1. From (1) in contact with a Pro (Cβ under 7 Å, 6 or more places away or on another chain); (2) outside any loop (DSSP other than H, G, I, E, B); (3) not basic (Lys, Arg), pick out the condition that doesn't hold for Leu66.
2. Could you look through segment 20-39, keep only residues that are at pLDDT 90 or above and in a loop (DSSP other than H, G, I, E, B), and pick out the one that is surrounded by the fewest Cβ atoms within 10 Å (Cβ to Cβ)?
3. So Gln290 fits all but one of (1) among the polar types (S, T, N, Q); (2) closer than 21 Å to Gln336 by Cα; (3) assigned to a helix (DSSP H, G or I); what number is the exception?
4. Search segment 208-230 for residues being part of a helix (DSSP H, G or I) and among the polar types (S, T, N, Q), and hand back the single one that is surrounded by the most Cβ atoms within 10 Å (Cβ to Cβ).
5. Which condition breaks for Ala138 when tested against (1) of a type in the set (A, V, I, L, M); (2) out of contact with any Ser or Thr (no Cβ under 8 Å at 6 or more places or on another chain); (3) not assigned by the TED database to the domain that holds Arg309?
6. The conditions are (1) surrounded by fewer than 14 Cβ atoms within 10 Å (Cβ to Cβ); (2) in contact (Cβ under 8 Å) with a residue 40 or more places away in the chain; (3) not basic (Lys, Arg), and Thr72 fails exactly one of them. Which is it?
7. If you take the residues of segment 188-202 that are in a loop (DSSP other than H, G, I, E, B) and modelled with pLDDT of 95 or more, which of them is farthest from Met302 (Cα to Cα)?
8. Can you tell me which residues in segment 334-357 are basic (Lys, Arg) and in a helix (DSSP H, G or I)?
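The values are calculated or read from the model by the stated rules, or taken from the named source; none is laboratory data. Keep in mind that what you see is a predicted model, and the values were worked out from it rather than measured. Cβ atoms come from the backbone with ideal geometry, glycine included; neighbour counts cover every protein chain shown. With ligands, DNA and RNA removed, areas are computed over all heavy atoms of the protein, side chains included. Shrake-Rupley method; radii C 1.70, N 1.55, O 1.52, S 1.80 Å.
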Amino acid sequence: MKSNSIAVYLSQSFGLGNEKVSMKPIGSGHINTTMLLTTPKKSLVVQKLNTEVFPEPDMLVKNARLIERHLTKKHQSGDYDLAIIRHVPTVENNYLVDCDDGVWRALEFIGGSYSEDVVLNTSQAQTAANAFGQFAVALEDFDAKQLHHVIPDFHNLAMRAEKLKAVVASDPVKRLASCQAEVDFCFAQFGLIDELKLLTGNVPVRPCHNDTKINNMLFCNKSHDAKAVIDLDTCMPGYWLYDFGDMVRTFCSPEQEDSTNLDNVGVREEIFAAVVKGYVEPLKDLITEQEKQSFWLGTKVMTFMIGLRFLTDYIDGDHYFSIKHANHNLERAQNQFALYRDILAKKSTLKAILRDV
């Protein structure tokens, strides 16, 4: 189907009619195709779901709607102030539409907002981290056992390591020779797996967002305050160290995660301190001492693990992350490994910031 035909079909499916319909790309996600569908009646965010990554889209929507309903109750009782991203039903009261050889959904468009791919200053970092902390607190009394594991082992570093070993052994598209140095570097870091094993049973399992990238936070156009935490697709049981670590990974570098300006990739210590302050403040009555201590491991693990995943996908032929050119995933991996190296180099400073919180 042509893009205009897709737009009209989706508009009709979600009850917006077929007059003056337009659709354009929005956001910068790696997985789903995200578009802004606009009509005279209203605008919706529509997404073509990547069913290779999310093979059970109905369960993905079910999970997200459970979170939506819980946050709505919190909002109504005055315990959650942020806007809530909501699914929009079709005219037939479904939440998924088959179109263009794929599965689509619609989400309410939160206007008057913007997102960032690179944090600009400490105020922005603290604001966003605080919002993710508010989100975590709002879910503390949510039974995470209700959630389907839409991506099993999403943050399982041991499994990710085995996947890398498998693609290195098979080298399906003959790319190993172009990234042997990165592979060797990865293999030398697998002691992180043992560090994670030591945490089992010592930190509580929490309902987690699991994808706390800076561009999954919306800011208000006028006040620049936090407006909404978005992208609930990977909300599953987990550890807060992973959510904290993903914030560090995406907030602290002055470069986007696919930048090839590796000399400029590194941890901005003042941004790290703002993330720590912003995230921990809402959690102060809930967080355990062991969880605070685990944030250093989360800082290392999340940056290394996403680099490992980019590298694995590159060697495997780019099946998971959307790419713009042949070496895109390799460049992303190199970027993340540069950030990881800088994290290790600044260990004393970063751990001191965590101790002082």
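1. (1)
2. Lys20
3. The one condition Gln290 does not meet is (2).
4. Asn216
5. Failing condition for Ala138: (3).
6. Condition not satisfied by Thr72: (2).
7. Of the residues in segment 188-202, the ones in a loop (DSSP other than H, G, I, E, B) are 188-190, 198-202.
Among the residues that remain, those that are also modelled with pLDDT of 95 or more are: 188-190.
Numbers: Ala188: 16, Gln189: 13, Phe190: 13 Å.
For segment 188-202, the residue satisfying everything is Ala188.
8. Applying the first criterion (basic (Lys, Arg)) to segment 334-357 yields 341, 346-347, 351, 355.
Of everything in segment 334-357, those that are basic (Lys, Arg) and in a helix (DSSP H, G or I) turn out to be Arg341, Lys347, Lys351, Arg355.
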